[in-house]
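S.K.: Attaching a single structure in structure tokens format; questions to follow.
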Amino acid sequence: MIHAYKLNGYNIIVDVFSGSVHSVDELAYDIITLYENTPKQQILDQMLKKYKDDKTVNTQEILDVFSDIEELKKNKQLFTEDTFGGKAFDFKNRNTVIKALCLHVAHTCNLNCEYCFASQGKYHGERALMTYEVGKRAIDFLIENSGTRHNLEVDFFGGEPLMNFEVVKQIVAYARSIEKKYNKNFRFTLTTNGMNLNDEVTEFCNKEMDNVVLSLDGRKEIHDLTRKTIGGVGSYDIIVPKFQAFVKKRGNKSYYMRGTFTHNNTDFTNDIFHMADLGFKELSMEPVVCKPTEPYALTEQDLPILFEQYEILAKEMLKREKEGNPITFYHYMLDLKNGPCIYKRISGCGSGTEYMAVTPWGELFPCHQFVGKPEYSLGNIFDGVTNKEVVNKFKNCNAYARKDCTTCWAKLYCSGGCAANAYNATGDITGVYEYGCKLFKKRIECAIMMQVAKNQNK
Amino acid sequence: KRINTLATRILVQT
């Protein structure tokens, strides 16, 4: 299967099952798109007719393209057969270890964001803070269930995790005290709204956190529209100076600004560029996922605008890179040469199998988005994973699990998509969140185009 | 030269 598209003056062919990417001229583009379903003589006649005014196109040139295509096919770089689909059953029976936990250290928040999936941090339940004892047991649980895996990830999440900062520090100290004994390396991350950022938190994060995610929606009027304090006041003026001070001291360590765009700011590239103007270089903007009845929900009519925005962003990023002032956008980070293995590309994020969320009480869920949905409780950190039925459901939840994805060119980039989004859109984790698919495919097209552009500028 | 192939990690792996 191939995917052929034109973007920003480039003609691009993606060979789905080999991962190969080809940048081609007009003639080769036309021939490749006809090649598998049209007799060669017919292609030859069509091309000679179409390019009759082009002096570089003649019978020999067309035959040379045929020859190049056959060479690429022989090298398994074009029209490559799917060798993985038939093995999907083996994939379901694989043994997995847990390699990452999302610790919900605070089911409470000091902001009241309108679109929050966690219902102001409470996950439709009681306010709660994780105790050190629960956090300590979660670390032990991760070590016990991680097999020989050396690198382990722990994400401090909420609600607002900095509302339980003392426990965060204690959990990290405990993990550090035992990691060598068990031959493990903990990588900690933290997601914060910034309200409680101060010098002590900054120093701690710079010492212990591999990555810190800072929530900012961009322009002040956009951010303050939805991200308000409990008293109903916009939080932009409080957090932006704190974020700027934090990033200044961050040095070369990872962070990224994470925004959410809604129907209120379909021109979201302006928010990304605003964040860049504030001095932030590692950026991400996510489309809001919510009930279609919400006033800020994205609509079908928004799609062409959003597609154009993604293109504007890609072109601007190429321009800024050329000028020596680059920014990164999470969804355009694509490592074609040294990217993930096929296992990762089929299995995706590993929610429910390799990655789980832990509530303040120690209950386990497939990921942070399923917390508070009792039917998705997997067990707890004291008794272990007891709901094997749900785990098996998530094992089956991969790039080959959905009939709708059979003919999709992007499935080895999205791995079948986000289980939580599918569940929220269709009631089934192996459903398809079509709106998200459309945006995802556009982003991948832009990301690959950027790689092609950089390749040609070498 | 009408086809330029980028260097990519070839997936056709266990």
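The values are calculated or read from the model by the stated rules, or taken from the named source; none is laboratory data. All of these numbers come straight from a predicted model, not from anything done at the bench. Using ideal geometry, Cβ is built from the backbone for each residue, glycine included, and neighbour counts are taken over all protein chains shown. For the accessible areas, the whole protein counts, side chains as well, though only heavy atoms, and no ligand, DNA or RNA atoms are used. Shrake-Rupley method; radii C 1.70, N 1.55, O 1.52, S 1.80 Å.
S.K.: For region A:223-241, give me each residue that is aliphatic (A, V, I, L, M) and open to solvent by 20 Å² or more (accessible area, probe 1.4 Å).
M.R.: A:225, A:230, A:233, A:238
One line per residue, one yes/no per condition, for (1) within 12 Å of chain B (Cβ to nearest Cβ); (2) among the basic types (Lys, Arg); (3) part of a loop (DSSP other than H, G, I, E, B); (4) open to solvent by 30 Å² or more (accessible area, probe 1.4 Å):
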| position | (1), (2), (3), (4) |
| --- | --- |
| A:19 | yes, no, yes, no |
| A:38 | no, no, yes, no |
| A:65 | yes, no, no, no |
| A:68 | yes, no, no, yes |
| A:77 | yes, no, yes, yes |
| A:86 | no, no, no, yes |
| A:103 | no, no, no, no |
| A:118 | no, no, yes, no |
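S.K.: Right, residue A:372: at pLDDT below 95, within 14 Å of chain B (Cβ to nearest Cβ) and open to solvent by less than 80 Å² (accessible area, probe 1.4 Å) or not?
M.R.: no
S.K.: Out of the residues in region A:425-458 meeting the condition of being away from chain B (no Cβ under 12 Å) and under 12 Å from residue A:334 (Cβ atoms), tell me which one is surrounded by the fewest Cβ atoms within 10 Å (Cβ to Cβ).
M.R.: Top of the filtered list is A:447.
S.K.: Another question, then. Which of the residues spanning region A:185-203 are among the hydrophobic types (A, V, I, L, M, F, W, C) and either open to solvent by less than 30 Å² (accessible area, probe 1.4 Å) or under 18 Å from residue A:152 (Cβ atoms) (or both)?
M.R.: Once the filter is applied, which keeps residues that are among the hydrophobic types (A, V, I, L, M, F, W, C) and either open to solvent by less than 30 Å² (accessible area, probe 1.4 Å) or under 18 Å from residue A:152 (Cβ atoms) (or both), region A:185-203 yields A:186, A:188, A:190, A:197, A:201.
S.K.: Which of the following residues is modelled with pLDDT under 95, open to solvent by 80 Å² or more (accessible area, probe 1.4 Å) and within 28 Å of residue A:239 (Cβ to Cβ): A:114, A:81, A:133?
M.R.: One residue alone meets the criteria, A:114.
S.K.: Something else: What number of residues within region A:261-277 satisfy the criterion of being open to solvent by less than 30 Å² (accessible area, probe 1.4 Å) and under 14 Å from residue A:236 (Cβ atoms)?
M.R.: Residues in region A:261-277 being open to solvent by less than 30 Å² (accessible area, probe 1.4 Å) and under 14 Å from residue A:236 (Cβ atoms): 3 in total.
S.K.: What number of residues in region A:327-349 are open to solvent by 40 Å² or more (accessible area, probe 1.4 Å) and within 14 Å of the chain's Cα centre (by Cα)?
M.R.: Count: 7.
S.K.: Of everything in region A:22-36 that's over 11 Å from residue B:3 (Cβ atoms) and within 11 Å of another protein chain (Cβ to nearest Cβ), which residue is modelled with the highest pLDDT?
M.R.: Selected residue: A:30.
S.K.: Specify which of the listed residues (A:122, A:99, A:74) is of a type in the set (D, E, K, R) and in contact with an Asp or Glu (Cβ under 8 Å, 6 or more places away or on another chain).
M.R.: Going through A:122, A:99, A:74 in turn, the sole match is A:99.
S.K.: Restricting attention to region A:40-62, which residues are within 12 Å of chain B (Cβ to nearest Cβ) and either loosely packed, with under 10 Cβ neighbours inside 10 Å or assigned to a helix (DSSP H, G or I) (or both)?
M.R.: A:47, A:56, A:61, A:62
S.K.: Ok, one more. Would you mind telling me which numbered condition in (1) open to solvent by less than 10 Å² (accessible area, probe 1.4 Å); (2) in contact with a Leu (Cβ under 8 Å, 6 or more places away or on another chain); (3) closer than 30 Å to residue A:316 by Cα residue A:27 fails?
M.R.: Failing condition for residue A:27: (2).
S.K.: Follow-up question, since we're still on this one. Within the set of pairs 6+ apart or on separate chains, which have a first residue in region A:392-410 that is of a type in the set (Gly, Ala, Ser), a second that is surrounded by fewer than 18 Cβ atoms within 10 Å (Cβ to Cβ), and C-beta atoms under 8 Å apart?
M.R.: What qualifies is A:401/A:88; A:410/A:3.
S.K.: Output the residues belonging to region A:414-424 that are part of a helix (DSSP H, G or I) and open to solvent by 40 Å² or more (accessible area, probe 1.4 Å).
M.R.: Across region A:414-424, the qualifying residues are A:423, A:424.
S.K.: Ok, one more. Suppose we filter A:352, A:324 for residues that are surrounded by 14 or more Cβ atoms within 10 Å (Cβ to Cβ) and either modelled with pLDDT of 90 or more or touching a helix residue (DSSP H, G or I) at 6+ places or on another chain (Cβ under 8 Å) (or both); which single one remains?
M.R.: It is A:352.
Yes/no matrix, rows are residues, columns are (1) part of a loop (DSSP other than H, G, I, E, B); (2) in contact with a His (Cβ under 6 Å, 6 or more places away or on another chain); (3) closer than 17 Å to residue A:441 by Cβ:
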site: A:304; (1), (2), (3): no, no, yes
site: A:309; (1), (2), (3): no, no, yes
site: A:315; (1), (2), (3): no, no, no
site: A:320; (1), (2), (3): no, no, no
site: A:324; (1), (2), (3): yes, no, no
site: A:335; (1), (2), (3): yes, no, no
site: A:340; (1), (2), (3): yes, no, no
site: A:345; (1), (2), (3): no, no, yes
site: A:349; (1), (2), (3): yes, no, no
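S.K.: Let me ask something else. Looking only at region A:387-406, decide whether some residue is of a type in the set (Ser, Thr, Tyr) and either at pLDDT 90 or above or open to solvent by less than 10 Å² (accessible area, probe 1.4 Å) (or both).
M.R.: no
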